[in-house]
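Engineer: Sharing a structure, written as structure tokens. Questions coming.
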């Protein structure tokens, strides 16, 4: 056996280095891969719990409608009826929990409408879009349009 | 945004305006191709016992290693956060071809190139360790894994193991570069890329570029060291280059003819692109200057007898043109595939920065870096024949 190994000893040393590197890799992997990785997919299962534990920012339109049923009624039949309140007014869960604690700021009608309605060749033609340099008198959109029911009748 | 819109023709989708894959992604298949090609040339000598190319064997291996070390750098520079690439090994995403590259790369680098180079240079390493003192001796002893055994039997065993690794290495080299072609060929949303011929074309173009590089390196090294070039070696490499080139060109033409004959819905768009935006890089650089001219030059040497000095010039010129042509091919694949809209109704333009993260300057640095690494490798492991080295000392 010794004779057989004698001229292969350097190869055995190299093999030990490779094996050592493999073991080191497996140890590093065991330490670095977080618990629960791969349970539900290619991610750490604990991430779901972490995300669920974040405080809610948005109250949801149901909560808005509980108090502001007049606005809900005014949006009926409008093209904006299905848009969530907080899409324009921002996250308001704190306000929904305690209306006195936080008062929502009225959105700037000069910029917020353009978020969707600024003219762009890649938008479908049927979607209302304007070039602010050509449309209107430079004032806020709300001077002519009611944001809750924007059609001009 | 406004200035970018001037570079657009027709209709394109918003996310097609700027190219996501830059010149760095052009470099990546170019460099891996050089690695695979250089290795395949080295393997020819080893497996098929082609004596004539023996003088380039060790140089080709070191060249392959130098370029292999640089191969992932363009990707890491392009993506940013290079430290995250290690995650690929920790939590491998087995359904992603790109993610599996880490393993293909590691296998090829460690199990093939490093092992083969170590086995081939082991005798030199041990002899250098014996003849040196101090830190140099410690370094070479460590490289020899503190083994001093260079008995005839041990070297014979090394040779056998080395040959086995080379045999495993050839499919590995094909896998390495075939896989790069596979990544492009499997993007079914892109008609410029999506072709089952892509991996095969990439493998043969890799062989062409690698052989051309080794041919140039062999001449350059001999010129630098003021030693004589073995013309039989150079002639053989040039002949291999010609054969590989003919197969590569035939495959590319097969792909082209197939596209023209099939003429699917994307054909008009791609055809227009080749005649306008890609005219210079594809028709002039890739096909004419980088393929037909070198094939013609190399074939000329086969057909008529050319004097030695003229042959050397012809080989040098065709080697440089070949590398230009293969680089242009990578450019046309990577950049060309992003110039037209998925709507097939419009085109955009690639604007390359200079001293930006993905600009021309980092690309040039990455292209020169393998030569700096090769310089160090050659200092560490001189690939010249032992007798030659002994004569010099």
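Engineer: All but one of (1) under 23 Å from residue B:184 (Cα atoms); (2) within 12 Å of another protein chain (Cβ to nearest Cβ); (3) touching a helix residue (DSSP H, G or I) at 6+ places or on another chain (Cβ under 6 Å) hold for residue B:67; state the number of the condition that does not hold.
Structural biologist: (2)
Engineer: I need the helices (runs of 4 or more DSSP H) fully contained in region B:93-206, keeping only those with at least 2 residues that are farther than 30 Å from residue B:251 by Cβ. Don't jump to the end; show me each part of the working.
Structural biologist: Values: elements: B:97-106, B:115-131, B:134-143, B:152-185.
Passing ranges, in order: B:115-131, B:134-143, B:152-185.
Engineer: Among the residues of region A:104-143, which ones are part of a helix (DSSP H, G or I) and over 24 Å from residue B:343 (Cα atoms)?
Structural biologist: Across region A:104-143, the qualifying residues are A:109, A:110, A:111, A:112, A:114, A:115, A:141, A:142, A:143.
Engineer: From the set of residues in region A:68-100 that are assigned to a loop (DSSP other than H, G, I, E, B) and closer than 16 Å to residue A:151 by Cα, which is nearest to the chain's Cα centre (by Cα)? Talk me through it step by step, then tell me what you get.
Structural biologist: From region A:68-100, those assigned to a loop (DSSP other than H, G, I, E, B) are A:68, A:76-84, A:90-92, A:98-100; that's our starting set.
Among the residues that remain, those that are also closer than 16 Å to residue A:151 by Cα are: A:76-83.
Working: A:76: 28, A:77: 29, A:78: 26, A:79: 24, A:80: 21, A:81: 22, A:82: 19, A:83: 17 Å.
Among them, the one singled out is A:83.
Engineer: Based on what the data block shows, is residue B:132 more than 9 Å from chain A (Cβ to nearest Cβ) and either modelled with pLDDT under 90 or in contact with a strand residue (DSSP E or B) (Cβ under 9 Å, 6 or more places away or on another chain) (or both)? Lay out the reasoning, then the answer.
Structural biologist: Working: more than 9 Å from chain A (Cβ to nearest Cβ): yes; either modelled with pLDDT under 90 or in contact with a strand residue (DSSP E or B) (Cβ under 9 Å, 6 or more places away or on another chain) (or both): no.
No, not satisfied.
Engineer: Could I ask something else about it? Filter region A:104-128 down to the residues that are within 14 Å of chain B (Cβ to nearest Cβ) and under 25 Å from the mean Cα position of the chain (by Cα), then identify the one that is surrounded by the fewest Cβ atoms within 10 Å (Cβ to Cβ). Break it down stepwise before answering.
Structural biologist: In the first step, residues of region A:104-128 are kept if they are within 14 Å of chain B (Cβ to nearest Cβ); the result is A:118-125.
Add one more test, that the residue is under 25 Å from the mean Cα position of the chain (by Cα), and what stays is A:118-120, A:122-124.
Numbers: A:118: 13, A:119: 15, A:120: 10, A:122: 9, A:123: 14, A:124: 6.
Result: A:124.
Engineer: Somewhere in region B:341-351, is a residue surrounded by fewer than 14 Cβ atoms within 10 Å (Cβ to Cβ), in contact (Cβ under 8 Å) with a residue 40 or more places away in the chain and closer than 23 Å to residue B:24 by Cα?
Structural biologist: yes
Engineer: Can you go through A:52, A:63 and tell me which one is surrounded by 13 or more Cβ atoms within 10 Å (Cβ to Cβ), within 30 Å of residue A:84 (Cα to Cα) and more than 9 Å from chain B (Cβ to nearest Cβ)?
Structural biologist: On the way: A:52 fails: surrounded by 13 or more Cβ atoms within 10 Å (Cβ to Cβ).
Checking each option against the conditions leaves just A:63.
Engineer: Condition check: within 21 Å of the chain's Cα centre (by Cα) and within 22 Å of residue B:339 (Cβ to Cβ). Does residue B:202 satisfy that? Explain how you work it out, then say what you get.
Structural biologist: On the way: within 21 Å of the chain's Cα centre (by Cα): yes; within 22 Å of residue B:339 (Cβ to Cβ): yes.
In short, yes.
Engineer: With the condition kept exactly as written, say whether any residue in region A:15-38 is surrounded by 15 or more Cβ atoms within 10 Å (Cβ to Cβ) and within 12 Å of chain B (Cβ to nearest Cβ).
Structural biologist: Of region A:15-38, the ones surrounded by 15 or more Cβ atoms within 10 Å (Cβ to Cβ) are A:37.
Then keep just the ones that are within 12 Å of chain B (Cβ to nearest Cβ); that gives A:37.
Yes, region A:15-38 contains a residue that is surrounded by 15 or more Cβ atoms within 10 Å (Cβ to Cβ) and within 12 Å of chain B (Cβ to nearest Cβ).
Here's the yes/no breakdown for (1) in contact with a helix residue (DSSP H, G or I) (Cβ under 6 Å, 6 or more places away or on another chain); (2) surrounded by 18 or more Cβ atoms within 10 Å (Cβ to Cβ); (3) within 14 Å of chain A (Cβ to nearest Cβ); (4) more than 30 Å from residue A:15 (Cα to Cα):
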site	(1), (2), (3), (4)
B:117	yes, yes, yes, no
B:146	no, no, yes, no
B:153	no, no, yes, no
B:156	no, no, yes, no
B:171	no, no, no, no
B:188	no, no, no, yes
B:198	yes, yes, no, yes
B:213	yes, yes, no, yes
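Engineer: Checking residue B:70 against (1) over 13 Å from the mean Cα position of the chain (by Cα); (2) touching a residue at least 60 places away in the same chain (Cβ under 8 Å), which single condition isn't satisfied?
Structural biologist: It fails just one condition, (1).
Engineer: Which condition breaks for residue A:11 when tested against (1) assigned to a helix (DSSP H, G or I); (2) away from every other protein chain (no Cβ under 14 Å); (3) surrounded by 13 or more Cβ atoms within 10 Å (Cβ to Cβ)?
Structural biologist: Looking at each condition in turn, residue A:11 falls short on (2).
The values are calculated or read from the model by the stated rules, or taken from the named source; none is laboratory data. Fair warning: this is a prediction, and the values are worked out from it, not measured in the lab. With ideal geometry, Cβ positions are generated from the backbone for all residues, glycine too; neighbour counts draw on all protein chains shown.
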